[in-house]
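**Student:** Attaching a single structure in structure tokens format; questions to follow.
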Amino acid sequence: MTIKEGRAIEKGDEAIVDAAWPQENGVTLGATIQIFERPFRVVGIYAPPGGGRIKIPLTTMQDQVGSENRANTILVLLLALLAACELDRLRRGGSSARTRAACAIALAALALVAFEFARAPGRAPLTAWRAVSFALPALLLAGAIALLSLSPGPRRARALAVLLVAGTAVDLLRIGARFNPGTRAVEDYPLSEGVRALRAASAGGRFAAADGVLTGMASAYVLQDVRILNPAAPADYQDALAAAAGYTGPVQNTPRVARLDAPILDFLNVRAHAGWHADPVHRPDRRDAGEVDL
């Protein structure tokens, strides 16, 4: 990330934004904006855009939400490729001591995370899915340590390969079963009245948004967004939507459809418009195009 205009953040009540945000919101460098019902001064403009479009100091955010010295999320990835390389090293006669030590350290770290979760005040409930998030890696690591303690040979190599492949398959299936396997959907994506109204208004079709509402979250609510947020999406679709309806993606981190009355939206079966403050748009060629204010 590079500061293109202004300067970097130096104090807790300062913020930086991406290049498109000031134009969309009528804000200039040096202006004061409201975040968390408190004033922040825009001191810089950064590029490229990514993540949250307004950035403030981490300590300020933690202080605001009461999470000083804590992390909101810990992401643990199963490095299957690295494990496969380690298996190949063992197959070629390498010592298993280093691998056992690494597995033991990972198991200890997992135990520490589980302990911190159990003692955290006001923690989320221990659901079955969340329990599996702790139990599965613990079983895999313990199984790997046990197998690595056996004498080297073809049987141990086959058993380790089966453990790795089976563990990876179970983890992928578990992740595919839900968007976030360790958390109930209602905790991450609460079903508000606005979302219910949007579901009803866009039933059987799609919705369009003139701002960043539900960017990247439509699928979690079983909604069809006319904005395309898949990097593998056809470039022709993005170009056509940009030319015909003023679509601002994928350049902007939170793309929007600038012209909600564009005829191409009829062709794309858009049945509802969503927005933080939706303005009525008369579309005589579309039956009952609904407006939903989220």
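**Student:** Could you check how many percent of all C-alpha pairs in region 195-256 are farther apart than 15 Å?
**Tutor:** That tail contains 49 percent of the Cα-Cα pairs.
**Student:** How far apart, in nm, are two points set 7 Å out from the Cα along the Cα-to-Cβ line at residue 142 and at residue 155?
**Tutor:** 2.3
**Student:** Beta carbons within 10 angstrom, averaged per residue: use that to sort the peptides 20-28, 265-273, highest first.
**Tutor:** Working: 20-28: 13.9, 265-273: 20.0.
By packing density, highest mean first, the sequence is 265-273, 20-28.
**Student:** Taking all pairs of different Cα atoms in region 2-65, averaging 1/r and flipping that mean, what Kirkwood radius in angstroms comes out? Walk me through the numbers on the way to the answer.
**Tutor:** Values: mean 1/r = 0.0851 Å⁻¹.
Taking every pair of different Cα atoms in region 2-65, averaging 1/r and inverting gives 11.7 Å.
**Student:** Related question: So how much slack lies between residue 128 and residue 196, counting 0.36 nm per residue of separation and subtracting their Cα-Cα distance, in nm?
**Tutor:** Numbers: separation 68, 0.36 × 68 = 24.48 nm, distance 2.70 nm.
In short, 21.8 nm is gained.
**Student:** Kindly put 189, 46, 247 in sequence by how many other C-beta atoms sit within 10 Å of each C-beta, fewest to most. Working shown, then result.
**Tutor:** Working: 189 16, 46 20, 247 26.
In increasing order of surrounding Cβ atoms, one gets 189, 46, 247.
**Student:** I've got another one for you. Using 0.36 nm per residue of separation minus the Cα-Cα distance, give me the extension gain between residue 170 and residue 41 in nm, one decimal.
**Tutor:** On the way: separation 129, 0.36 × 129 = 46.44 nm, distance 4.80 nm.
Gain on extension, residue 170 to residue 41, equals 41.6 nm.
**Student:** Which number do you get for Rg(Cα) / (2.2 N^0.38 Å) in region 80-185?
**Tutor:** Numbers: Rg = 15.7 Å, N = 106, 2.2 N^0.38 = 12.9 Å.
Computed over Cα atoms of region 80-185, the ratio equals 1.22.
**Student:** Please give the contour-minus-distance gain from residue 105 to residue 233: 0.36 nm per residue of separation, less the Cα-Cα distance, rounded to one decimal in nm.
**Tutor:** On the way: separation 128, 0.36 × 128 = 46.08 nm, distance 4.07 nm.
Stretched out fully, the residue 105 to residue 233 stretch lengthens by 42.0 nm.
**Student:** Now for a different question. Sorted by average packing, counted as other Cβ atoms within 10 angstrom per residue and highest first, what order do 154-162, 10-18, 113-121 take? Please report the intermediate quantities before stating the final value.
**Tutor:** On the way: 154-162: 14.1, 10-18: 17.4, 113-121: 11.1.
Put in order of decreasing packing, that is 10-18, 154-162, 113-121.
Throughout, read-outs are computed from the coordinates displayed, never taken from laboratory work. The model shown is predicted, which means the values in this text are computed figures rather than measured ones. For neighbour counting, all protein chains shown are included, and Cβ atoms are generated from backbone atoms with ideal geometry for every residue, glycine included.
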